[in-house]
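The values are calculated or read from the model by the stated rules, or taken from the named source; none is laboratory data. None of these values were measured; they are calculated from a predicted model. Please note: Cβ atoms are built from the backbone with ideal geometry, for glycine as well, and neighbour counts cover all protein chains shown.
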Amino acid sequence: MIDQLLQYDKELFLYLNNLGSTTFDGLWLVITNKLTFIPLYAILLYLIYKKLGWKVLLLLILVVAAMITFTDQITNVFKDSFQRPRPCRTEGLEDLMRYIAPRCGKYGFFSGHSSNSMAVAVFTGLLLKPYYKYLVFILLFWSAMVAYSRIYVGVHYPLDIICGMAFGALSGFIFYKLQWYLRSRFIS
């Protein structure tokens, strides 16, 4: 059963990855780059400051740093435990796929980009929902674009992405609840 699931995952990867074209490669390389979204993070920090003040902002910076560290480290534990090779490191796929990423890590289950972007999207979307009710949908769309970019550039299978997004959503929700506890305890 697991072998069949992994085979379907490989087939879906090849289909989605081969939808790409050289016309859009540059766009997806920009989307997959972690540094691309620094302006987005700056805007989110500004919105938090504007609506919640500098004390809450400072606390939330610490909470988000802990959330990203937690999510990233759990991702690494999964990668080292499952040791599922990335598509770009899978024998027999080289001639069937498009690989345009600047580098290819060793293991891919599950995607750190997907888990981290989804954690930020859920956390920030829930936090700012009372003030900007559609922001959560914009952030979820952004996270999905980051996730798909990992398939497009050839470094993750769809299952890596789906599990990464699910873990990121759970992590974002848990840290969202944690920030409420910390705010009620330390900021009046």
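Annotations
- Looking only at residues of segment 171-188 that are small (Gly, Ala, Ser) and over 13 Å from the mean Cα position of the chain (by Cα), we find that the one that is surrounded by the most Cβ atoms within 10 Å (Cβ to Cβ) is Ser184.
- From the list Cys88, Cys104, the lone residue that is at pLDDT below 95 and buried (at least 19 other Cβ atoms within 10 Å of the Cβ) is Cys88.
- Single residue of segment 138-170 satisfying the filter (part of a helix (DSSP H, G or I) and β-branched (Val, Ile, Thr)) that is surrounded by the fewest Cβ atoms within 10 Å (Cβ to Cβ): Ile138
- Which listed residue is under 18 Å from Ser143 (Cα atoms), surrounded by fewer than 16 Cβ atoms within 10 Å (Cβ to Cβ) and within 22 Å of the chain's Cα centre (by Cα), from Leu12, Leu19, Leu45: Leu45
- Subset tally (residues that are surrounded by fewer than 14 Cβ atoms within 10 Å (Cβ to Cβ) and in contact (Cβ under 8 Å) with a residue 60 or more places away in the chain) for segment 25-40: 1
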